[in-house]
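Here's the structure we're looking at; comments come further down.
All of the numbers you see were taken from the coordinates with simple rules; none came from a lab. Predicted, not measured: the structure shown is a model, and the values here were computed from it. With ideal geometry, Cβ positions are generated from the backbone for all residues, glycine too; neighbour counts draw on all protein chains shown.
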Amino acid sequence: MTSSTPAAAAVMIEARGVEKWYPNGFQALRGVDLTVHQGEVVVIMGPSGSGKSTFIRTFNALEAFQKGSITVDGMALSDDVRNIDAIRREVGMVFQQFNLFPHLTVLQNLTLAPVLVRRRPRREVERQALDLLERVGIHEQAHKYPGQLSGGQQQRVAIARSLCMEPRIMLFDEPTSALDPEMVQEVLEVMQELARDGMTMVVVTHELRFARRVASRVVLMADGEVVEEAPPEQFFTNPRHERSRQFLSQIR
Amino acid sequence: MNTPGSSPLQRLRRELFASPLDGLISLLLIGFLLAVGLAVLRWMLFQAQWAVIQANSTLFAVGRYPGDQQWRLWLLTSLLALASGLSWGLLRRLPHPGPAWPRNDRLAVGLLIALAVVAPLALQLQATVQLRWWLITASLITSRWAAGRWGQAIPPALRRWIPLIWPLLYLAGMVLISGGLGLVSVPPSEWGGLLLTLLTASFAILLCFPLGVLLALGRRSELPLLRGASVLYIEFIRGAPLITLLFLGQNILGFLLPGGLAPDRVWRAAWVLTFFAAAYVAEAVRSGLAALPPGQLEAARSLGLPMPLALIHVVLPQALRVALPATVGQFISLLQDTTLLSLIGLLDLLGTARTVMANPAFLGKNGEVYLVLAVLFWCCCAALGLGSRALEHRLNPLSSPAQA
């Protein structure tokens, strides 16, 4: 899993020279490049304010960018709404705050988008949703509301909700940062299993053990730029840049 | 809280007579309230002359609606009673069957029966009219009982269509009231009293709600033109007193539209009420939209839902539930604002009351008339308030819906 990906694997995300300014003039991204191949798990780390969340949120157009180009699954991101919706259908996203829909049951959370967007028959989607819930270990909570679940369970539902759209890429924006410590592991295990099944993943996280064990590559961002990009073994044992060493010493 | 041995009497004593000074204040207050209460009661029972109400009860109810056509209103009332009973019973049993007759329901039925017995007697209605009220009450309770008993046996596919009886009934009601489809036409100028009040209020409530939601969404839109237009509209309406808008509507709509097309005076007023209330509903809905964490829309959009679907299925259901109490508050003030129709010469409940009080035969009976008006309005507003609380409770799947 941690070995470098064969060059033949298709490029799933290609970001070139992405720059973003906030309306107040602050530059959040200063020409970021990243290439993600099919089946790769890229972990993005970095101090807070380094632009890592902003960066992965540009992949499904939750954040706009002003310069550079991003191609996702062969589709170039443009301002066209149809293009954006088409990309979002192929890219799942898991948020720090789960963002489950509190007025719908767990099962309805999963089936909403596939039925409305993919126009698949409800019965079929429900069967798939129950399978997915079983896979993330919360089969028996299907008819509860999100507010009745623990944080870890909610995040696993959120992962299952994204998977129900059968995405080709999964983005994780600090998926364990809002969780109580004892619930972090159950979420990481689900993500690890997903990686083992070959899902292409981009993960913003501070979980060193996850990065070490699952990542194909680790990317360190600081001040809106990529500082270092390396396989996890090299990154954690022998980082090339001073900034990486400093960051690792701070979070260890 | 409850210390041992706290019977109601002991608790009263502890709360009202904790110290000598407390006791003195309590005694004075109780005495004052008793005196006022007794005075009001004595006036109501011995001094007030309720003949003014008894003689004009039809006028208060429907204004000058032609007598030979009033059977249409009786029919509408009966249909409303049946539909209410049906909905009431079904709501109690679906989706989760509760007890068939919870305490509140028994209380409500008791009140309905008491009202059906006492009100016609107090108003000294004719025996035939009394009988009709009793039948209507009986049909309401019977359909409540039947729906509660057999509601679950209705197949789900059919059940989904049952709420449709309300919009259908509203349209049928419009036909019954105004005529058409073979019925003799009764022009709006002959509607009056409670009929006119409820009609304009319900018309405005039904239409101002979708309009208000659209305005609230417009105000939060990213399109500058749409946002600007919504803000301008909302702030203009909220900056003008309703009564000036009503006068404006009466005059301007007549000028703007060629003769035959201008709606009748009643409808002009109803439209003005609608546009007026929409601005306030928009602000209530906006507060609900603002209360929603931005992550909800982001999650919906990142699942590939286009904006309209994300609004309909994710944003609005949550925002409207938050905005519900404030919105119903607007509906209640809208109902009360219909009294302003009397100032532009329409015979709503208050307008009818003023013509009655101007009748030499009933000079000086203002107290009786206004008291009845106040009670009628209170009943309508209390019904709206109770309905909103029940809806809020029903829309809330959890005791703590808020999410981390």
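The Cβ shell under 14 Å around A:Gln192 holds other residues with a net charge of +1, Lys and Arg each +1, Asp and Glu each -1. Net length available on complete extension from B:Leu38 to B:Leu226 is 61.8 nm, with 0.36 nm assigned per residue and the Cα-Cα distance removed. Along the Cα-to-Cβ line of B:Ile165, 7 Å from the Cα, sits a label point; which residues in segment B:93-133 have backbone N less than 16 Å from it? Counting only backbone N, you get B:93-94. The simple spin-label model puts a point 7 Å past each Cα toward its Cβ; for B:Ile113 and B:Leu80 those points are separated by 2.4 nm. Take each residue in A:102-115, count the other chain C-beta atoms within 10 Å of its C-beta, and the mean is 4.
With both labels modelled 7 Å from their Cα along Cα-to-Cβ, the A:Arg123 to B:Gln336 distance reads 5.5 nm. Ranking B:Thr77, A:Met93, B:Gln152 by Cα position along the charge dipole of the protein assembly as shown, where only Lys, Arg, Asp and Glu carry charges on their C-beta atoms, puts B:Thr77 farthest toward the positive end. FRET efficiency for the B:Ala374 to A:His143 pair, using the beta carbon distance and R₀ = 51 Å, is estimated at 0.60. The local environment of B:Thr339, defined by Cβ-Cβ distances under 12 Å, has a net charge of -1 under the rule Lys, Arg +1 and Asp, Glu -1. If you average the alpha carbon positions of segment A:104-160 and of segment B:1-75, how far apart do those two centres end up, in angstrom? Cα centroid to Cα centroid, the span is 53 Å. Sparse packing (at most 10 other Cβ atoms within 10 Å of the Cβ) combined with a DSSP loop state is found for the following GluC sites (Glu not before Pro) in segment B:154-253: B:Glu222. Listed by chain and number, the aspartates and glutamates whose C-alpha is less than 16 Å from the C-alpha of A:Lys20, apart from same-chain residues fewer than 8 away, are A:Asp33, A:Glu63, A:Asp79, A:Asp223, A:Glu225. Cα centroid separation, segment A:63-84 to segment B:290-317: 20 Å.
Charge dipole of segment B:52-186 (Cα centre as origin; +1 on each Lys and Arg Cβ, -1 on each Asp and Glu Cβ, all else neutral): 440 debye, rounded to the nearest 20. Rounded to the nearest 500, the 222 nm mean residue ellipticity of the protein assembly as shown from helices alone is -19000 deg cm²/dmol, with -39,500 (n - 2.57) taken per DSSP H run of at least 4 residues.
Partners of A:Lys144 within straight-line reach, counting lysines whose Cα lies under 23 Å from its Cα and excluding those fewer than 8 residues away in the same chain: none found. Using alpha carbons only, how many degrees (0 to 90, rounded to 10) separate the axis of helix A:181-196 from the longest principal axis of chain A? Taking Cα atoms only, the helix is inclined about 90 degrees. Helices that extend 30 Å or more along their long axis by alpha-carbon positions and average at least 1.6 on the Kyte-Doolittle scale are, among the DSSP H runs of chain B, B:20-42, B:193-219. Placing +1 on the Cβ of every Lys and Arg and -1 on the Cβ of every Asp and Glu, with no other charges, gives the protein assembly as shown a dipole of roughly 1600 debye about its Cα centre. Net charge of the neighbourhood of B:Ala290, taken over other residues with C-beta under 13 Å away and scored Lys/Arg +1, Asp/Glu -1, is +2. Each of B:Gly98, B:Gly193, B:Gly23 was scored by the projection of its Cα onto the charge dipole of the protein assembly as shown, and the greatest displacement toward the positive side belongs to B:Gly193; charges sit on the C-beta of Lys, Arg, Asp and Glu. Shielding value for B:294-300 is 6, the average number of Cβ atoms from other chains within 10 Å of each residue's Cβ.
Protection proxy ranking, highest mean first, for peptides A:80-88, A:218-226: A:218-226, A:80-88, where packing is the per-residue count of other beta-carbon atoms within 10 Å, averaged.
With the charge dipole of segment B:189-397 set up from +1 on Lys and Arg Cβ and -1 on Asp and Glu Cβ about the Cα centre, the Cα lying farthest toward the positive end among the listed residues B:Pro293, B:Ala390, B:Leu324 is that of B:Pro293. Considering only B:Gln336, B:Gln69, B:Gln47, the Gaussian network model of chain B with Cα springs below 10 Å gives its largest mean-square fluctuation to B:Gln47. The magnitude of the dipole of segment A:194-246, with charges of +1 and -1 set on the Cβ of Lys/Arg and Asp/Glu and taken from the Cα centre, is near 260 debye. The mean number of partner chain beta-carbon atoms within 10 angstrom of a residue's beta-carbon across peptide B:172-182 is 0. FRET efficiency for the B:Arg106 to B:Ser185 pair, using the beta carbon distance and R₀ = 60 Å, is estimated at 0.85. Of all beta bridges that DSSP places with both ends in the protein assembly as shown, some 55 percent have antiparallel geometry. Could you work out which residue, out of B:Phe203, B:Phe255, B:Phe60, moves most in a Gaussian network model of chain B, that is, has the largest mean-square fluctuation with Cα springs under 10 Å? Answer for the Gaussian network model of chain B: B:Phe255. Loop-located chymotrypsin sites (Phe, Trp or Tyr not before Pro) across segment B:316-387 with a Cβ neighbour count of 12 or fewer within 10 Å are lacking, with loop assigned by DSSP.
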